[in-house]
Structure formats: structure tokens, C-alpha cells
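First the structure, in the form of C-alpha cells, and then the observations on it.
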Amino acid sequence: MKKLNDDLRRGKRELAKSTDEKDYLATKIDELNLHNDSSQRSLKKMTSEKDDLMVEHNILKLELKRLRQTLNQQADGVLSLNKRRLQLQKAMDERKIDIGIHTDMLQQQIKHA
């Protein structure tokens, strides 16, 4: 009978110890689940922020490309205008020379007439 009582007490102690361990492990699992949920939310937020930044980066790249094209078009326009100005200046200079020669010829004709 004493042995049965000892076995019963030992069984109760082991049951209490197992129950305590089970409660501890359940608490630990709950904590890990909370941490996991928090990490998942954080990951989703960071992924969303990364996606937003990538979209913004691509928009800025497109804007930069458009501005470069506009700049190149303006530079080409300026170059064309400079070429045209130089051509007109050259034509004016040649015309001045022609007028000078023609004026000299007319003055020579007036002297001889």
C-alpha cells in the first residue's frame, strides 16, 4: 500500500511537472507566433515600400529620359540656328564685297565719263 501511495505521489508530481512544462511550451509557442506575425507584417510593409520606391525610381528614370530628349532637341535647334546665322553672315559679307566692287566700278565709270 505504501508503494502504491509512493507511486501515486510520484505520478502526481510527474503530472504536475508535465503540466507546467506543457504550459511553458504553450506560452513559448504563443510568443513565437506573435513574433512571427509581427515579422510577417513588417515584411509586407517593407515589400510594399520597396515596390513603391521602385515605381518612383522608374518614373524618375522616364522623366529624366524625356528631359534629355528635350535637351537634345533644343541643342540641335540651337546648333541649326547657329549654322544658319553663320551662313547668313557669310552671305552678307560676300554681298558687301560685291557691293564694294560694284561701287568701285561705278565710280570708275563716273570718272571716265
Notebook entry, point to check: Before we move on, is residue 18 surrounded by 10 or more Cβ atoms within 10 Å (Cβ to Cβ) and within 32 Å of the chain's Cα centre (by Cα)?
Noted result: no
Item checked: Residue list for the stretch 68-100, filter: open to solvent by less than 90 Å² (accessible area, probe 1.4 Å) and among the aliphatic types (A, V, I, L, M) -> 75, 78, 88, 91, 99
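The values are calculated or read from the model by the stated rules, or taken from the named source; none is laboratory data. Just so you know, these numbers come straight off a predicted model, no measurement behind them. Note that each Cβ is placed from the backbone with ideal geometry, even for glycine, and that neighbours are counted across all protein chains shown. Only protein heavy atoms, including side chains, enter the accessible area calculation; ligands, DNA and RNA are left aside. Shrake-Rupley method; radii C 1.70, N 1.55, O 1.52, S 1.80 Å.
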